[in-house]
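Have a look at the structure below, then the notes.
Just so it is clear, none of the values below were taken in a lab; they were calculated from the coordinates. In this text the structure is predicted, and so the values were computed from the model without any measurement. Positions of Cβ are backbone-derived with ideal geometry, glycine not excepted, and every protein chain shown enters the neighbour counts.
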Amino acid sequence: MRIFKNIFGSGKLKHPLDISSFMVDMHSHLIPGIDDGVKDYDSAVKIIRELISLGYKKVITTPHIMADIYKNDPDIILKGLSELREVIKKENLDIEIDAAAEYLMDDSFKEHLKNGNLMTLKDRYILVEVPYFSAPPDLYENIFDLQINNYKIIMAHPERYSFWYDDFSKLEDLKNRDVYFQLNLLSLTGYYPYPVKKIAEKLIDAEMIDFVGSDLHNTQQLSYFRKILNTPALKKLISSEKIKNRLLY
Ligand SMILES: [Fe+2]
């Protein structure tokens, strides 16, 4: 599976990049106790402080909704959101907090779609993921069903699905079906196993990335997160002016 050459080299930028133009972080797990994200509000606050210091103006946190493991629904997520907002208010943090969800395209997904209670980031943008081991057999059907219902699909971290590594045309096919791609910023640091960073760079080089997200789950990830600021790949992404996060403001 050694197919991708390192497009951006291993060099580091001398000066950290300014990522304040992203404005909105639209993928994270900051509501304690409802998924594999933060365990407590102190951790959520620490992460949000870091995002503020990087210039973010709004956080849309996106708890998992999965049939087997995290059976969240809008009521659970909105209750968590209002508690998180209280904490942020008490801490006097200058940032807007909202919530949506990261939907796994599993057996329950069709049910959520049928019930019409999908949580969107804003303006019908919906964040979805697929299992890490294989693409769902009804992937294209789900895409079609979402689009005829006027949802705008954002595929979370396409660089992390190993079953597509040997067939880049599958990713190109999704783009041709008007699926937006959201890159995990941590993928630029070597935080995830090889070859996630290489695929991330290839997607950037092919100008296939539309949104970026932190996908932060815990405070341990913050030291890696800072490293993105010195990566040539992020510089290219910012210069491309193709990142649409600010549309979600
Ligand atoms: Fe996530």
The long-range amide H neighbours of Tyr125, using H built 1.01 Å from N in the peptide plane and a cut-off of under 5 Å, are Lys152
For the stretch 162-249 the GluC sites (Glu not before Pro) that pass both the DSSP coil test and the at-most-16 other-Cβ-within-10 Å test are Glu207, Glu241
The answer for trypsin sites (Lys or Arg not before Pro) in the stretch 1-102 that fall in a DSSP coil and have at most 11 neighbouring Cβ atoms within 10 Å is Arg2, Lys5, Lys12, Lys14
Yeah, the stretch 20-248 with a ≥ b ≥ c from its alpha-carbon gyration tensor (a/c under 1.5 is rounded, else prolate when a/b outruns b/c, oblate otherwise) is oblate
In whole angstrom, the spacing between the Cα centers of the stretch 198-241 and the stretch 143-172 equals 18
For the stretch 98-134 the chymotrypsin sites (Phe, Trp or Tyr not before Pro) that pass both the DSSP coil test and the at-most-14 other-Cβ-within-10 Å test are Tyr132, Phe133
Scalar couplings 3J(HN,Hα) for the stretch 91-108 by Karplus 6.51 cos²θ - 1.76 cosθ + 1.60 (θ = phi - 60°), nearest whole Hz, x for Gly and Pro, are 7, 6, 8, 8, 7, 8, 10, 9, 9, 9, 7, 10, 8, 7, 7, 10, 4, 7
